[in-house]
1. Could you pull out every residue, at least 5 positions away or on a different chain, whose amide H is within less than 5 Å of the one on Gly183? Hs are placed 1.01 Å off N in the peptide plane, and Pro or chain starts have none.
2. With runs of 4+ DSSP H residues as the only contributors, calculate the mean residue ellipticity of the chain at 222 nm using -39,500 (n - 2.57) per run, divided by the residue total and rounded to the nearest 500.
3. Cα centroid distance between segment 178-243 and segment 122-159, in Å?
4. List the residues whose amide H sits under 5 Å from the amide H of Arg152, counting only those 5 or more places along or on another chain, with H placed 1.01 Å from N in the peptide plane.
5. Could you give the DSSP H helices of the chain that reach 27 angstrom or more along their long axis (alpha carbon positions) and whose average Kyte-Doolittle hydropathy is no lower than -0.5?
6. What is the sum of charges, Lys and Arg at +1 and Asp and Glu at -1, for the other residues whose Cβ falls under 10 Å from the Cβ of Ile316?
7. Not counting the cut sites, what is the longest span of the chain without chymotrypsin sites (Phe, Trp or Tyr not before Pro) that DSSP labels loop and that have at most 16 other Cβ atoms within 10 Å?
8. Could you give me the ³J(HN,Hα) list for segment 159-173, computed from phi with Karplus coefficients 6.51, -1.76, 1.60 and θ = phi - 60°, whole Hz, x at Gly and Pro?
Amino acid sequence: MAGLCAAARARQLGRRPVVLEKGDRAGGSMLLSSCVIWRYPTLEDFRAQCPGGDPRLQALVQDLLDEGLDWLESLGAPVVTRETGNPLTVGRRFEPGGLTEALVRAAGEVRLAESVPPGGTVTDEPLVLATGGFQGDSALVERFVAPAAPLRLRANPWSAGDGLRHALGRGAVLSTGLDEFYGRNMADVDFGEREFVPLAQVYGRYARVLNERGEEFFDGEPSWSEVDLVQATARQPGARAWYVLDDRALQQRVRDRTVAEIVAEAPTRVDPAELPFPVPAGAVAAVRVAAAITHTMGGLRVDERARVLDENDQPIDGLYAAGADAGGISAGGYASGLACALVLGRLAAEAAK
């Protein structure tokens with residue numbers, strides 16, 4: 001999304017951008033998402049939810065997102081609802097295909113199956129890195145995230161650190177949050193793009209969560225997003241866990257569904273008697289889950305104009321980053337990746353000359 005936003009904004013400013021899309025279609029992981037673009041109600045809320053993030057960049061997302069959402073609508077992006085369905089956030093939900101089409105139309109020239117230039121290559125024109133993070137490269141995930149076992153990929157396959165490598169080859173430095181990622185605990189089966197949302201098991205806060213040895217490994221209450229629980233699961237044996245539920249847990253609601261309804265559709269649900277450890281008291285159902293990664297949270301360090309910074313905190317000439325390539329915004333918590341893509345993509349276009 002970030003690259004398309006940058007190109008669309010640059011074109012409005014009279015430039016002739018070219019989008020180099022590594023994949024065989026535009027839209028990246030945005031096209032696979034529920035496409036809710038949101039922020040926290042206040043900057044104080046943002047800081048409380050993501051205490052390790054860069055305050056400067058958080059303030060930009062907070063201040064500029066609503067303008068960006070209006071801009072998307074002005075391009076013809078179809079809005080599904082003007083609410084997020086979450087009382088902790090505000091924003092809008094777009095139709096993913098229609099949003100992608102609107103951005104491609106506004107961006108102009110989009111070349112498919114082309115990658116960012118190799119690391120160290122310096123172009124004559126400003127370059128906005130928007131390759132979507134490094135979750136698609138298992139070696140980079142192992143190096144920075146360090147899960148206990150390979151993580152399932154819940155994203156497009158093309159976001160494999162190309163932007164990160166290019167910028168590091170030109171002297172860039174990395175942000176905070178490199179060991180953090182956004183993802184979901186999924187039913188522990190193989191899945192494809194169509195199952196990214198249906199197989200997500202987002203009710204861990206109501207369950208007893210145990211690893212394969214029967215140990216409860218998460219201290220305290222998971223956050224509302226459960227991203228912290230997913231990250232903790234990634235560091236358990238096999239990057240797996242069991243959600244063990246009693247009758248009360250099954251009666252809880254996750255948006256418009258009960259936990260019982262979600263569990264009934266989970267292909268890895270079992271009778272508690274089948275658990276590989278002693279059955280906890282009161283257990284009536286259990287689901288085996290595995291951690292899956294959607295996008296990385298750490299990346300390149302950028303300033304308030306989306307310029308990539310070097311070790312002296314100075315901008316590298318002509319180099320910008322947006323979306324998941326720009327890291328450290330949501331460190332310590334979770335914030336909308338699409339919101340960061342929209343805001344920094346537009347800022348990069350406005351700063352590039």
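1. Thr294
2. Taken over the chain, the calculation gives -8000 deg cm²/dmol.
3. Computed from Cα coordinates, the inter-centre distance equals 20 Å.
4. Ile293
5. Numbers: long enough: 55-74 (29 Å, -0.20).
In the chain, the long hydrophobic H runs are 55-74.
6. Here the charged neighbours net out to 0.
7. 1-216
8. 7, 10, x, 4, x, 4, 5, 4, 5, 4, x, 10, x, 6, 10
All of the numbers you see were taken from the coordinates with simple rules; none came from a lab. This one's a predicted model, so the numbers in the text were calculated from it and none came from an experiment. A quick note on method: Cβ atoms are made from the backbone with ideal geometry, for glycine too, and the neighbour counts reach across all protein chains shown.
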